[in-house]
Every structure is written in structure tokens, then in C-alpha cells.
Amino acid sequence: MMRIVMPTSFEDVLLEQLQQANEDARGRAIQVAELYGSLPVSPTGCGRPRQSLPQVERAAFARHVAAARARGFGFNCLLNSSCTGNREFDLAERRRFIDELFFARDVGCTALVLASPYLIDLAARHAPELRIHVSSVAFTRSTREALHYRRRGAARLILDPDTIRDFAFIRRLRRECPDLELEALCNHPCLLHCPYETYCYNSVSHASADAAPARYEAFSLLNCNLDKLASPVEFVKGSWFRPQDVRHYEEAGVCAIKIAGRGRSSDWLARCAQAYLARAFDGDMMDLVWDAQLAAAWRASGAAGPPPRPVRVAASALDGFVEHFARHDPGCARGCGACRFCDGVAAKALDVDEEGRARLQAALGRATARLLEGGDG
């Protein structure tokens, strides 16, 4: 049975929608099994800035976890900060981190999603009742790293998005780490092999920590999208897969797929879940992958009105696309080189509105330029 792991809006209506979606999907060997979420601000921070997270308080968080558990869903608490600013070595701060682990345990969470090696060790020592899921933000790219986390108590590894189409690596993980569950993020919107990635996650981790308030500006988000817009084939190269391609991950040994979308509405989350439960989707993949990131980048630019939507990727034109990666080893981790496979697929699947693309590039470009000004006139 393939498990779907998805974000919660912290609205009880979503629990009802997902329960009904599961009922409708019975017989397809796939179910929504776990929800995940975090407080918008916490001692450790997490892998999103507070501005993009549901603004839920601790009591409401606890009530929602209880409601989810009562309906049969597991609940994964995200404390997947990539950087805690060395505050972990201050005893008073460390006690606050431990109290946060106890809070997740006491309200009924079933797992912690962690990225920091320090927090993984801290959780294994102080909250052994909770499963440890190693976040994609840990950027695990070798079986050596995966085995390290398993020895430290991890039950599941969430694959680095850059390895999502590296089936040789996924199968090797399955062989060499047979008792470590594998989870694959199915609609990651970011640039493949993004040079902003480490800086981005450090930045957002500080932006969701309750230490001295850190100003957050979406420098990485803006630049990630500018790079994709400059070369639209990047929208096809990205780390995502269609609902109808779930079977390739099952065959490779993945036991869970993760839907991204913290901050999205209950209706959108339910629709996305229904698509993956149905194992079929014939629309624009960017509806499932890029729309939220596009809206966030547009807001960060300060531009008025709704954003243009200049790039579409037809799911129906991608038959056979993921099979290429599942059956071959194109060596994407080493760079594209002379390989033009994705370019050929993009020629069939991509629809680019050039006027909208230019407008979006101009708005994001102005915003990044402002962030580089020196204030010296």
C-alpha cells in the first residue's frame, strides 16, 4: 500500500475531505495515511518562513493533531530547520528545544521530521517514542549518509528532491538500507540542483525560529524562479512526477509519497490528494507543482494584482518521460552535458506565454535588484 503524506491546513474540513477521498480510492492500493505541519514559529524553526505557514497557535495545533489521529491519520511534526544558529549549545536554549520535542510527543504526533544531525540525536535521546523521519532538507545523496541516519534511529528517509529521478540511487538505497523507509516528494517546485538551496533553507529556518526576530526576504525564491523563467525547460527538468507515474516509485521500493503545499487551501490540498489517489491527471502539471511558489514569488516582488501564469506543462504529453529515468541511468546528478532528452520532451509539453514571461521576469528582476542595493545612492 502506497502511503500519501501531505500538509494540513489545520482545518477540520480537510480531514473530512481526505477521509472521503480515501474511501473513494479504495482498491487502488494507495491512501492518504499521514499529515504534517508545524507551528509558524518555534524554538528550532522549520523549513519554511513564518509568513508562508498556517498561523495556528499551540492549543489549536494540539486539537488538530488529536482530530487527525481520531480519524486514523498519523501526524508528522516538522522541526526541519537546517540551521539553529548554534543556540543548541546554550543550555537554556537546548532545554527549550527538548520541551518542543515533548510538546510534539504529548499532543499525539507520531513522527518528527528533522534535518539537523544535532536535532536527530537530541530527539533520539529525549523523545524515543517518536519516529524520526529525515527531512529532504538533509540533502541525503549517498547510501553512506542514509546508513548513518538509520544507525542514529531514523525510521524513514525523505529523498533529496535532486535524486527523485535517480532510480539507480533509489534502488541502491533500498538494497543497502532495507529497513529504512523511503519517501519521495512528488510536486517539489524548485530548480533542479538549485545553487541557492543551502542558503535558502538556512534563511527560512531563521525566519521561523522564535529567537531574535530575523528579517526575511525571498532572495533565493526570486532567483530560483528567474533562472527557471530564463530557461523554461527547467520546469520539465524539475523534481516532480505525475500521479500516473507513482507506480515507478513503488517498483523502486518507495513506500510513501509526499505532497508539498503548506499554506495552501483545504480545497486545493484535497484536489491534489485526489489526483494522486486516482493515479491519473491530464491537466497542467504546474497546477499541482508551481502555482503556490509563483504566487509567493509575485508577492515577494511587491507587484500589484494577480501574477501572470506564463508556463504550462501538459501532463498528457509526458507519457514515457519518467520511464526514461526508471529504465536508464542518464547521470543527471553530474549535469546535463550533451543530453537533450528533457529539451525534446519540453518541446511537446511546454506552453509558454512570452508576454507573461517577460512581465514576470521584469517584476522579479526589479525585486532582486533592490535587495542588492548598497544604500549609497
Hey, quick one: spin label on Ala29, modelled 7 Å out along Cα-Cβ, who in segment 228-264 has an amide N within reach, i.e. under 20 Å? 241-258
Using alpha carbon centers only, segment 154-199 is separated from segment 19-90 by a whole-angstrom value of 20 Å
Space enclosed by the convex hull of the alpha-carbon atoms of segment 1-116, per residue, Å³: 102 Å³
Build a GNM of the chain with springs between Cα atoms under 10 Å: which of His133, His328, His64 gets the top mean-square fluctuation? His328
Test of understanding: in a Gaussian network model of the chain with alpha carbons linked when under 10 Å, which of Val13, Val137, Val56 would top the mean-square fluctuation ranking? Val13
Distance in nm between pseudo-label sites at Ala67 and Glu323 (7 Å out along the Cβ direction from Cα): 4.4 nm
Using Cα springs under 10 Å in a Gaussian network model of the chain, which residue among Phe89, Phe325, Phe103 shows the largest mean-square fluctuation? Phe89
Rounded to whole Å and ordered largest first, report the semi-axes of the equivalent ellipsoid of segment 66-207 derived from its Cα gyration tensor (root of 5λ). 24, 19, 15
Report, in debye and to the nearest 20, how large the dipole of segment 164-249 comes out about its Cα centre when Lys and Arg carry +1 and Asp and Glu carry -1 on their Cβ. 380 debye
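Want the number for Glu57 to Asp121: 0.36 nm per residue separation, take away the alpha-carbon distance, what's left?
Working it through step by step, the gained length comes to 20.3 nm.
Provide the gained length on full extension for the span Val13 to Arg247, in nm with one decimal, where the gain is 0.36 nm per separating residue minus the Cα-Cα distance.
Contour length minus the Cα-Cα distance gives 81.3 nm.
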Place +1 on the Cβ of every Lys and Arg and -1 on the Cβ of every Asp and Glu in segment 30-103, take the dipole about the Cα centre, and give the residue among Cys77, Gln55, Ser38 whose Cα lies farthest towards its positive end. Gln55
Let's see if you can work this out: charge +1 on each Lys and Arg Cβ, -1 on each Asp and Glu Cβ, no other charges. What is the dipole magnitude of segment 1-123 about its Cα centre, in debye to the nearest 20? 100 debye
Counting alpha carbon pairs within less than 8 Å and at least 6 residues apart, what relative contact order, in whole percent, applies to the chain? 20 percent
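Here, each number is a calculation from the coordinates, and none is a lab measurement. Given the structure is predicted, the values throughout are model-derived calculations rather than measurements. Don't worry about glycine lacking a Cβ; one is built from the backbone with ideal geometry, like all the others, and counts go over all protein chains shown.
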